[in-house]
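Below is one structure; the comments refer to it alone.
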Amino acid sequence: MLLDVQGLCSFADYFVICSGDSERQIKTIYGEVGHALKKEGILPLHHEGTIDSGWLLIDFSGVIVHIFATLEREYYQLDELWDKATTVVRIQ
């Protein structure tokens, strides 16, 4: 899911919220996002979390990528927390 949080959030313009069904998928998503953006010359400002925590965050300044395990995504419900944001893309 890609959310436009401009005007609602002071620290980012967009949130990417996605999830993986296994630690391997989460690790792969994390690695591929970083690799693809690095090829474009875009490096993260900050990253947080660990694979086993179920929530990884990569901060690319205007875009923050949240990668969740399924249970953690259901628990934290960022989709609901930012429900006033405009959904740019939703893939299920």
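Here are some notes:
- Amide H to amide H, with H built 1.01 Å from N, Ser19 comes under 5 Å of Phe68, counting only residues 5 or more places away or on other chains.
- Residue list for the stretch 1-27, given a label point 7 angstrom along the Cα-to-Cβ vector of His46 and an amide N cut-off under 14 Å: 10-13
- Straight-line reach from Lys27: taking Cα to Cα under 22 Å and skipping same-chain neighbours fewer than 8 places apart, the lysines in range are Lys38, Lys39.
- Our coupling estimate for the stretch 65-76, obtained by passing each phi through the Karplus curve with A = 6.51, B = -1.76, C = 1.60 and θ = phi - 60°, is 9, 10, 10, 10, 6, 4, 5, 5, 4, 5, 5, 7 Hz, Gly and Pro reported as x.
- Backbone phi angles across the stretch 21-36, fed through the Karplus curve with coefficients 6.51, -1.76 and 1.60 (θ = phi - 60°), yield HN-Hα couplings of 8, 8, 4, 5, 5, 4, 4, 5, 4, 4, x, 5, 4, x, 5, 4 Hz in residue order; Gly and Pro are listed as x.
- Coil-residue GluC sites (Glu not before Pro) of the stretch 10-92, DSSP, other Cβ within 10 Å capped at 15: Glu40
- For the stretch 2-89, averaging the sequence separation of C-alpha pairs within contact (under 8 Å, six or more residues apart) and dividing by the residue count gives a relative contact order of 38 percent.
FYI, it's all coordinate maths here, none of it is from the lab. Every value quoted in this text rests on a predicted model; they were computed, and no experiment measured them. Glycine also receives a Cβ, built like all others from the backbone with ideal geometry; neighbour counts cover every protein chain displayed.
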